[in-house]
Each structure stands twice: as structure tokens, then as C-alpha cells.
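Report on one structure; see the data block that follows.
The values are calculated or read from the model by the stated rules, or taken from the named source; none is laboratory data. This one's a predicted model, so the numbers in the text were calculated from it and none came from an experiment. Here the Cβ is made from the backbone with ideal geometry for all residues, glycine too, and neighbour counts use every protein chain on show.
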Amino acid sequence: IADVQEAIDHELVSSKAIHDKITEVAAQVSRDYAGKDLLLLGVLKGAVNTMAEFSLAVSIPVGLEFMSLSSYGSGTTSSGRVTIRQDISTDVRGRHILIVEDIIDSGRTLAWLVDELRRRGAASVEIFALLEKPSRREVEVHVKYRGYEIPDEFVVGFGLDYNERFRNLDSIAVLKPDVYQGVQA
Ligand code: PRP
Ligand code: MN
Ligand code: MG
């Protein structure tokens, strides 16, 4: 595959739609947290592009931290177990935290993270998830800032990967079937 666009079967959310949604949520967050000390916490690696674009659109001064979590490994279905690949070193006690995520699927990653941050003494914990797959939800998680609901198809792009590739696609899309059937990226 010479170009990531060639691997796309169909697009679900365009680059423009992603940008517009992130801008809209950032304006809302800037209003909601005006006068508060807000920490944006990105969940690597999937949230990398959402966080980059979102943080630039937020107009109040915020802190940026990243935690690297994994629930998927290399397959296309969630393992249900959350592994910390890299933790934050910041003390979150008394901080208002907004978790920035690319997608909520089973909900296990975010349910675990919200519990963990509360256990560490955060003053408040809310979530911005760019994408949601409602039909795949296994655990209840309150998502205050929501982007797009998508069907239960395996999607890549804007941070989301298949086997650590296609995070650098600028839209959200479904790959051609032959990409999963061993064609090298
Ligand atoms: C993906 C995605 C979310 C999580 C959602 O991350 O980026 O973090 O899975 O799934 P869940 O709601 O079922 O927990 P992944 O584990 O693939 O790691 P990555 O972000 O490094 O790709
Ligand atoms: Mn992730
Ligand atoms: Mg992944």
C-alpha cells in the first residue's frame, strides 16, 4: 500500500466533520471550565490527533498530560483488560480532569481510567470521546462531551489503528477487507 487513502473501503467521518466537532466541543469546554484549573488527559496512542487538535481549539489555559493504555493489543476486538503502558507522573489530587479519547467501544478502558483517577483524588473527572460505538458498550460510562456515534465496524484513522498502522489517516474510515487478509501495510 503506497498511500493510506488506497486502503480505505469507505469513509465514515470526514476530516472536516472531525474538525468541526472538535472545534464545537472545545468552545463548550472553554465555557464550562472558565476560571477553573483544567487538566486535559489524553489516552495514547489513539487520542494523539484528537488531543492535538482539541487542545489548540481550547481557549482557556490548560495542562496537558498523557497516559498510554492498551486494551486491544494487535487484534480487532478488545481484550477487556487494561494495561498501563506509560503512566503520568503528575499528582492529580484536587485537579479537574477532562479525559480526551478517540473512541469508546466496550467502555472498559474509560471505566477503568475514571475509577483510577477518582481513586487518586481528582476533584472531578469528565470525558470527551470523539467516537462511540453504542452497540458494543459493555460497561456504563458517563460521557459528558460526545462526538459521533458510529456503527459496529472496525474503523481506523485520526489516531485509530489497525495493527499499529493507519493512525495517520486524516478521516475515520473502514479498511478494505484485503487489508485484514494479510496484505502488508
Ligand atoms: C482503543 C481506543 C480506546 C479503547 C476503546 O485503544 O483508542 O482507547 O481501545 O476500547 P474499549 O472502550 O473497549 O476499552 P487501544 O487499546 O487499541 O490502544 P491504542 O489507543 O494505543 O490504539
Ligand atoms: Mn486507545
Ligand atoms: Mg488500538
- [ ] Mind telling me which of the residues Ile60, Ile1, Ile22 ends up being of a type in the set (Val, Ile, Thr), at pLDDT below 95 and not in a strand (DSSP E or B)?
- [x] Ile1
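Every residue, every condition in (1) among the β-branched types (Val, Ile, Thr); (2) surrounded by 12 or more Cβ atoms within 10 Å (Cβ to Cβ); (3) farther than 17 Å from Glu101 by Cα, yes or no:
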| position | (1), (2), (3) |
| --- | --- |
| Ala2 | no, no, yes |
| Glu6 | no, no, yes |
| Leu12 | no, yes, yes |
| Lys16 | no, no, yes |
| His19 | no, yes, no |
| Glu24 | no, yes, no |
| Val29 | yes, yes, no |
| Ala34 | no, no, yes |
| Leu38 | no, yes, no |
Open item on the list: Please pick out the residue among Val179, Val82 that is out of contact with any Gly (no Cβ under 8 Å at 6 or more places or on another chain), surrounded by 20 or more Cβ atoms within 10 Å (Cβ to Cβ) and among the β-branched types (Val, Ile, Thr).
Closed with: Val179
Task: Sole residue being loosely packed, with under 15 Cβ neighbours inside 10 Å and in contact with a Lys or Arg (Cβ under 6 Å, 6 or more places away or on another chain), chosen from Gly159, Gly121, Gly147 - done: Gly121
Task: The lone exception for Leu113 - which of (1) of a type in the set (A, V, I, L, M); (2) over 19 Å from Val82 (Cβ atoms); (3) within 16 Å of ligand 2 (Cβ to nearest atom) it fails - done: (2)
Task: Flag if Ser55 is more than 27 Å from Val82 (Cα to Cα) and among the polar types (S, T, N, Q) - done: no
- [ ] Six or more apart or on different chains, Cβ under 8 Å: which pairs go from a residue in segment 79-98 that's touching a residue at least 60 places away in the same chain (Cβ under 8 Å) and closer than 21 Å to Met51 by Cβ to one that's charged (D, E, K, R) and surrounded by fewer than 15 Cβ atoms within 10 Å (Cβ to Cβ)? Could you list them?
- [x] His96/Lys36; His96/Asp37
Task: Criterion (charged (D, E, K, R) and more than 23 Å from Arg31 (Cβ to Cβ)) met by exactly one of Glu126, Glu153, Glu132, Glu101 - done: Glu153
Task: Entirely in segment 78-185, the strands (runs of 3 or more DSSP E) that have 1 or more residues that are at pLDDT 95 or above and polar (S, T, N, Q) - done: 83-86, 124-132
